[in-house]
Amino acid sequence: MSDQSSRSDSAELAQFGYTQSLERRTGKFASFAVAFAFVSIATGIFTTYGAVLNSSGPAGIWTWPIAVVGQLAVAFVLGALAARIPVTGYHYQWMSRLANPILGWIIGWISFTFLAIVVVAVDYTIASTILPVLLNYESTATIAWIMTAAVLTGQALLVAFSTPWAERVNNSLVTLELIGMAALTVLLLVVAALRGDMDLSNLFSTGAIPSEGYWSFGDLTSAGPWMLGFLLGAFTIVGFESAANLAEETHDPERVVPRAMWQAVLASGVLGFLFIVAVTLAAGDPVVLAESGTPIADVINRTLGSAVGTLLLLMVVLAIFACGLVIMITGVRVTWAMSRDQRFPGWQQWNQISPKFHTPLKATLLYFVLAQLILAVFAHSETALFTLFGAATLLPAVMYASTVVLYLVKRKTLPVSSKFDLGAWEIPVLAIAVIWLAFELALFRDAAFKQAWLYVLVMVAIGAAYLAYLLVRRGKQGLSMPDMHSIDAELRE
């Protein structure tokens, strides 16, 4: 990348009131890898496929293409914002600059809350459900706690001491996941077909779920059986906008970041669907499979043998590590971005960039300690994993809905982007995104998400208390964003 291009990126950042303090090293594939690793189809499918078998039966997999189309529309909308405001802090920056800093702070805090818990939820999967099978030992709550803490430590060391190495590790693991998932899909389809183990009826079976009322939307406090299948896609296909949170470290972010986002969703959607179709075709008796804690691994073992099953588990461990790594990078950047604007608790410490490592070292330490505290709170709870997953599924929907509504309101006054623009497709894309997000949020009325809502309310209450403190101490004007003329001037024209 030329010095002229780097100077151009720095000059564009200066228009938003910031000087270049992070190193611009992220290229096209690294940006895609960040978005893809956060989505992590290996992680999401391995974790939630069994839950879908129990709530919706095998036919629940047909919710996946609908979720992909909905999230792809969201990715296009967020990409249009990322092209116009290529600044670290993503949802926090977008809401602050296009709505107002108070709403921006709220969405920034929700983003931080989501990222703090989802890294624990993801890493806990390794320790609680995969390593015991892979290494053949009986897990306990204490062992799962220790193993998760160790995984968090490894990720934190990479994020704290070397962004280039963190990206190299992530790029390698994403490449492995892409190749591995494609190879597994082909092998499953070919071997199951040759053995005569492929059952087409599985694709339309409701399993142990009664057919009566299967397609209903449910009532005020519960979603219908098929509707709950959407949680497979809703949990998996999220975080693609994490590429936008590295905008200040990406070369030509206005062009690279939006493409990385929608390409990650499309690649994850297509490859993920082919994989779950292959697994379902080779599932055997879906009622029996639903009783397993590791249904994906069981199907692989039965169809391809234990050696390939072991390789699958190893690939899932590596994919989850990459997913958690990217989540931590994203959470640290949100913390640093809000601290740079002097509006995160203890911002004086967290807004610093290490002169030796060129990373937000102290912000990484804060995020790591908070993740360990959340882990300690949930480690001995039997419902910990579901509570964390529930909150981790709910919060992105809230973030996406808020930002898409913001775009809908501001779209006619947004400055034109020469590098990424929805053009004539803007209205259809927005319509799909709005309908999808309204439907997705309606799913969370189900009583199963009661604990997740409680966690969200507690974290929002903590954030509201600190926001009130900021408003009392500084006043509304004290929360204004630095140098907003680049957007405001164009809005006034």
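The values are calculated or read from the model by the stated rules, or taken from the named source; none is laboratory data. Everything numeric in this text was worked out from a predicted model, so none of it was measured. So basically every Cβ, Gly included, is an ideal-geometry build from the backbone, and we count neighbours across all protein chains shown. Please note that ligands, DNA and RNA were not included when accessible areas were found on the heavy atoms of the full protein model with its side chains. Shrake-Rupley method; radii C 1.70, N 1.55, O 1.52, S 1.80 Å.
Structure data summary
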{"read-out": "Solvent exposure, largest accessible area first (probe 1.4 Å, DNA, RNA and ligands not counted), of 200, 408, 361", "value": "200, 408, 361"}
{"read-out": "Dipole axis of the chain (+1 Lys, Arg; -1 Asp, Glu on Cβ), positive-most option in 187, 347, 50", "value": "347"}
{"read-out": "Dipole in debye (nearest 20) - the chain, about Cα centre, beta carbon charges: Lys, Arg +1; Asp, Glu -1", "value": "1200 debye"}
{"read-out": "Relative packing of 136-146, 277-287, which averages over residues the other C-beta atoms within 10 Å, highest first", "value": "277-287, 136-146"}
{"read-out": "Per-pair calculated FRET efficiency, R0 = 45 Å: residue 421 and residue 342 via Cβ, rounded to 0.05", "value": "0.85"}
{"read-out": "Length gained when the stretch residue 103-residue 409 is fully extended (0.36 nm per residue, less Cα-Cα span)", "value": "108.7 nm"}
{"read-out": "The range 301-361 versus the range 86-159: alpha-carbon centroid distance in Å", "value": "7 Å"}
{"read-out": "Cα lying deepest toward the dipole's positive end in the chain, options 368, 153, 337, charges on Cβ", "value": "337"}
{"read-out": "Along principal axes, Cα extents of the chain, largest first, whole Å", "value": "65, 46, 46"}
{"read-out": "Extended-chain gain in nm, criterion 0.36 nm per residue less alpha-carbon gap, residue 136 and residue 369", "value": "80.9 nm"}
{"read-out": "The chain - mean residue ellipticity at 222 nm from DSSP helices (-39,500 (n - 2.57) per run, n ≥ 4, rounded to 500)", "value": "-23000 deg cm²/dmol"}
{"read-out": "Lysine pairs within the chain, Cα separation less than 29 Å, 8 or more sequence positions apart or different chains", "value": "8"}
{"read-out": "Share of carbon and sulfur in the accessible heavy-atom surface of the chain [1.4 Å probe, %]", "value": "67 percent"}
{"read-out": "For the range 267-357, convex hull volume per residue from C-alpha positions, Å³", "value": "167 Å³"}
{"read-out": "Å² per residue, accessible surface of the range 25-480 at 1.4 Å", "value": "37 Å²"}
{"read-out": "Charge dipole of the chain about the Cα centre (unit charges at C-beta), most positive-ward option of 455, 60, 98", "value": "98"}
